[in-house]
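What follows is calculated from the coordinates using simple rules that are stated; it is not laboratory data. This is a predicted model, so every value here is computed, not measured. Ideal geometry is used to build each Cβ from the backbone, glycine not excepted, and the neighbour counts take in all protein chains shown.
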Amino acid sequence: MALPTYASPLERIWYYTYLVICGLVFLFLIAPILIVIPLSFNAEPYFTFTPKMLAFDPGGYSLRWYDTLLTLGHPAPETPRDATWWSAVWERSTWVQAAKNSFWVGLWATILATVLGTVAALGLSRPEMPCRRLIMALLISPMIVPIIIIAVGMSFFDAMACVAPGSAASLIFGVFLSEMGCLANSQLGVIVAHAALGIPFVIITVTATLSGFDQSLIRAAQSLGANPRTTFFKVVMPLILPGVISGALFAFVTSFDEVVAVLFIAGPDQQTIPRQMFNGIREAISPAILAVATILVVISTGLLAAVELLRRRSDRLRGVTGR
Amino acid sequence: MAEATPVLLTTADGRPLKAALAAAQARSRRRALFLVLPLLLFVLVTFLIPIVYMLKRSVEHDGFATSATATVAWFAANPGFDPANPPEAAFAALVSDLARMQAEKTTGIAGTRINYSVPGTISLFKAGARAAKDLQPPFREALLAVDAEWGRPALWRGMQSAAGTYTTEFYKVASDRKLRDDGWARGADNERIYLYLFFKTFLISGAITVICLLLAFPVAHLLATLPMAKSSLLMILVLLPFWTSLLVRTTSWIALLQEQGIVNDLLVGTGLITDAGRLSMMYNLTGTIVAMTHVLLPFMVLPLYSVMKVIPPSYARAARSLGATSWTTFRRIYLPQTLPGIAAGSLLVFILAVGYYITPALVGGADGQLISNLISFHMSKSNWSLAAAIAAMLLAAILVLYWLYDRLVGIDRLKLG
């Protein structure tokens, strides 16, 4: 909003005040995220800038907290860093284990949420869908209902969701469940919970993409002799793919950042990055958490860039001009 | 003159057109429903059934009913007894139950169950159970000699109400009602911890919503009126926090606001405060409000932005050309047009704030805890039914707000980024 030429002096003052306010709000939004990056290179175990850091003395900076991420839980951190050392990092190091678990859970939760969510969004976007509003409300509700309520419910349910040892069901599902044959304390329990939490995001992004979808394209494809499968994969899918991918990224981030459900339903041996951070902040707060935070900020910046590019591509494909 | 009979339209194969259309529509409805069905089933199993389970848990506790079978049977036979003066038979049943509880090591479970309505009963039950096998008739006098508490009418009322598997007791406890000698009554003002915390949660959420609205309004306006290239760049500043891990943001607020943190260092460095007078902004209510505002601000900016984006600037210009001052133009012309965005953003932020858990748990300290933290506390103390009852009350509040959101804004208008 540029200032009109007829603005009075008072209006000019107000306009510049307004710009300053906006600047401060942007600072409030972004400063806490950027501040962790320099802090994570602190050479001292402090959560603030040391005088050496402020003087830009290289001695005030170090990579020791990133090193901690590799060596925490390492059986022999002091030995030379050869192939055995690195394989021990991969196999034993606490943070690396947490990262592997987080990625694995996130991957499966994303696949579940994206496949089920996309198919459902296709149904929901059809004009003839019965009880559309009610179903939509139900499917979005995992995003609205407080996570603590979902986690409490799931912890009750998962403790009851067991298969009898030795039964046919335990032969099929046993490998996914805990040693007791229950959903509680099992990795599957966490994956399923995270998928449920990610579904609203997939539904929202895919239905948004489909809202600008020209239904006559389907009829055109069919009139040209395409069967439903060809129509879906050759016509519908390429057009909604950007929405599907950004929904999947949202679902992945939701799972990757989720800690409450993990705290309530995962077993004590199931560490994830957010759970490690949560415990770290609660108990002994060390700048190693800032190093993890920095890595996560880099990842989220990458994801944001990906989603923005996808949205632009989607708008272009659907012929929406402008933003 | 005979009325003209309407010509019945038929399809090529001779079926009435109306019936054929209805059949075709039913088929396409089924097809649409069929696509949604897998997800509906998944959400049913992973989300709805657990919540129903939780609701069941909130009215169910058989800790006393299964371990004090003789007393429960006596209560069933004498529903109208006088709690102030239970007869010898009731005491006899209770003493036999206590003796068995001691043998079966279920005293703790039964005592815990009664403890919800009558505080202090766990130790009473344990002492009673230890003494039970040596007691001789008359049991009434014998048990009262162990502890006069056994004659309290409130205790007998509590045991009677715990005799069934299903009870509304946990809701009474969670709404600060107390079991007195003459029945359930409102707790004294200094005992009303649960409703107080609900009230406090709503108050803090309201405050955060207002702060978010005040901060988001100018920013959304700027984003909506700037040229595309500039606003896209600035939008990143709003979206990046949205994409950044909640725990990262909480960590950085700790680094910024704690007593040895950056903001305090800065204030001391500039001489605004002394080293001894460092502000405590973390691990208290201030920390909770600041960190939650930061986390929820994007949820306010985005709906406001999408509404402000489509407000034509010509209305404001028309108002100005008709002689309105800039304040009048804002108040009478611009603000009313942004109301849908204000409603959408405020409701969303409020709903998310009311159920917040992680940030208050990490930075809230003693006075920054919200209702979710209380649920978590009771879960960690194995007070499952009480936790479930509080969660059910929170869920009811959220569902009302969600319904309101759907009526005012519409769920399908929910957008991300």
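Listing for the model above:
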{"item": "Within straight-line cross-link reach of B:LYS178, aspartates and glutamates at Cα separation under 12 Å, skipping those fewer than 8 residues along the same chain", "result": "B:GLU169, B:ASP189, B:GLU191"}
{"item": "Cα-based shape type of the stretch B:256-369, given that a ≥ b ≥ c are square roots of the gyration tensor eigenvalues and the cut on a/c is 1.5", "result": "oblate"}
{"item": "The stretch B:40-126: trypsin sites (Lys or Arg not before Pro) in DSSP loop, at most 15 other beta carbons within 10 Å", "result": "B:LYS105"}
{"item": "Spin-label model distance (nm) - B:LEU234 vs A:ALA306, 7 Å beyond Cα toward Cβ", "result": "2.9"}
{"item": "Rounded to the nearest 20 debye, dipole of chain B from Cβ charges on Lys, Arg, Asp, Glu", "result": "1680"}
{"item": "Given charges at Cβ of Lys, Arg, Asp, Glu: the stretch B:77-205 dipole, positive-most of B:ALA174, B:LEU155, B:LEU143", "result": "B:ALA174"}
{"item": "Unit charges on C-beta of K, R, D, E only; dipole of the protein assembly as shown, Debye", "result": "2700"}
{"item": "Spatial separation of Cα centroids for the stretch B:2-54 and the stretch A:183-234, in angstrom", "result": "20"}
{"item": "Rg and Dmax [Cα atoms of the stretch A:34-178; Å; Rg one decimal, Dmax integer]", "result": "24.1, 68"}
{"item": "Helix-derived mean residue ellipticity, 222 nm - over chain A, DSSP H n ≥ 4, -39500 (n - 2.57), to 500", "result": "-22000 deg cm²/dmol"}
{"item": "log10 of Debye I(q)/I(0), alpha-carbon scatterers only, for the stretch B:186-278 at 0.10, 0.18, 0.20 Å⁻¹", "result": "-0.54, -1.05, -1.06"}
{"item": "Dmax and Rg, reported as Rg then Dmax, of the protein assembly as shown (C-alpha, Å)", "result": "31.0, 110"}
{"item": "Residues of type aspartates and glutamates that B:LYS309 reaches as a straight line, Cα spacing below 17 Å, ignoring anything fewer than 8 places off in the same chain", "result": "A:ASP315"}
{"item": "Sites excluded, GluC sites (Glu not before Pro) in DSSP loops with at most 10 other C-beta within 10 Å, longest stretch of chain A", "result": "A:180-282"}
{"item": "Net charge over other residues, Cβ less than 13 angstrom from the Cβ of A:LEU124 (K, R count +1; D, E count -1)", "result": "+3"}
{"item": "Enclosed volume per residue, in Å³, of the convex hull spanned by Cα atoms of chain B", "result": "341"}
{"item": "Partner lysines for B:LYS105 [C-alpha distance under 17 Å; skip if fewer than 8 residues away on the same chain]", "result": "B:LYS126, B:LYS133"}
{"item": "Amide H contacts under 5 Å for B:ARG180, placed H, 5+ residues apart", "result": "B:ALA185"}
{"item": "Span-like helix ranges in chain A, DSSP H, alpha carbon extent 24 angstrom or more, Kyte mean at least 1.0", "result": "A:9-39, A:94-124, A:187-211, A:237-256, A:288-317"}
{"item": "Unit charges at the beta carbon, dipole of chain A: most positive-side option, A:ALA120, A:ALA55, A:SER186", "result": "A:ALA120"}
{"item": "Residue with peak Gaussian network fluctuation, chain B [Cα springs, cutoff 10 Å], from B:LEU370, B:LEU401, B:LEU21", "result": "B:LEU21"}
{"item": "Square roots of 5 times each gyration tensor eigenvalue, C-alpha, chain A, largest first, Å", "result": "38, 36, 19"}
{"item": "Dimensions in Å of the stretch B:1-136 - Rg and Dmax from alpha carbons", "result": "32.5, 106"}
